[in-house]
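K.L.:
Structure below; questions to follow.
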Amino acid sequence: MRNTMILVLATGTLLSACSGFRRGNDPPPYRSPSSTSIYGDWVLSSPIDSTAFAGASSVEMTLDQTSFSITANYPGRTSQRVMGSASTSDGGILTLVPQSGGTDATMSRRSMAFTPGQPISLIASAAGASLVFKPPQETDPTPSSTWAKRSKAEAAGRIGKDTVKP
């Protein structure tokens, strides 16, 4: 009888200790993205000097189904603003066609020069608060630029909440 009582107590203790290790109700260690839309307000996250916006202190973009606007802010000089039309193909290619603004000499030397009327085609992919661009003809899997949702960049203190959207 005494052995049975000890066995019951040991079993009860073991089961209660093991219940602390149950993970059945815990959320997964990752979170699925809440959005995969490429459209919205974005802030350049890539090192700026490795992009067409070398020397800029910040670069912001607004992208919707039919238009885009990119503003590059440069210390000590006027901001560069490029606006134009945007469209996507069934294959996931985003085409930007600058219509106004333009590029300075620094930007025109880069692979993504914003020349009015000259289309720029990119593979665009978004998940959650990130957007990546890559020219479709490049075989290197590294994106040409990475962007963060403006709201997340504001929350992280990367840009001020009072800055004007492009």
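K.L.:
Could you pull out the residue among P47, P29, P33 that is at pLDDT 85 or above and out of contact with any Asp or Glu (no Cβ under 8 Å at 6 or more places or on another chain)? Don't jump to the end; show me each part of the working.
P.N.:
Numbers: P29 fails: at pLDDT 85 or above; P33 fails: at pLDDT 85 or above.
Criteria check complete, one pass: P47.
K.L.:
With the requirement that a residue be surrounded by 18 or more Cβ atoms within 10 Å (Cβ to Cβ) and either over 19 Å from the mean Cα position of the chain (by Cα) or among the small types (G, A, S) (or both), what does the stretch 84-96 give you? If you could, list the steps in order and put the result at the bottom.
P.N.:
Step one: list which residues in the stretch 84-96 are surrounded by 18 or more Cβ atoms within 10 Å (Cβ to Cβ), which gives 84, 86, 94, 96.
G84, A86 - these are the residues of the stretch 84-96 that are surrounded by 18 or more Cβ atoms within 10 Å (Cβ to Cβ) and either over 19 Å from the mean Cα position of the chain (by Cα) or among the small types (G, A, S) (or both).
K.L.:
If you don't mind, there's one more thing I want to ask. If we keep just the residues of the stretch 40-74 that are of a type in the set (D, E, K, R) and in contact with a Lys or Arg (Cβ under 9 Å, 6 or more places away or on another chain), which is farthest from S100 (Cα to Cα)?
P.N.:
First pass over the stretch 40-74, keeping only residues of a type in the set (D, E, K, R): 41, 49, 60, 64.
Remaining after also requiring in contact with a Lys or Arg (Cβ under 9 Å, 6 or more places away or on another chain): 41, 60.
Details: D41: 19, E60: 16 Å.
Among residues in the stretch 40-74 that are of a type in the set (D, E, K, R) and in contact with a Lys or Arg (Cβ under 9 Å, 6 or more places away or on another chain), the one farthest from S100 (Cα to Cα) is D41.
K.L.:
Follow-up question, since we're still on this one. Quick one: which strands (runs of 3 or more DSSP E) lie wholly within the stretch 51-118 and hold at least 1 residues that are at pLDDT below 85, under 24 Å from G160 (Cβ atoms) and hydrophobic (A, V, I, L, M, F, W, C)?
P.N.:
Numbers: elements: 58-63, 67-73, 80-88, 93-100.
Per the criteria, no element qualifies.
K.L.:
Name the pairs: first residue in the stretch 58-75 and farther than 19 Å from A153 by Cα, second residue among the small types (G, A, S) and part of a loop (DSSP other than H, G, I, E, B), Cβ to Cβ under 9 Å, at least 6 apart or on different chains?
P.N.:
Pairs that qualify, where the first residue is farther than 19 Å from A153 by Cα and the partner is among the small types (G, A, S) and part of a loop (DSSP other than H, G, I, E, B), are P75/G55; P75/A56; P75/S57.
K.L.:
Check K165 against each of (1) assigned to a loop (DSSP other than H, G, I, E, B); (2) modelled with pLDDT of 90 or more and name the one condition it does not meet.
P.N.:
(2)
The values are calculated or read from the model by the stated rules, or taken from the named source; none is laboratory data. Just so it is clear, the structure is predicted and the values come from calculations on it, not from any experiment. Counting neighbours? That spans all protein chains shown, and the Cβs are built from the backbone with ideal geometry, glycine included.
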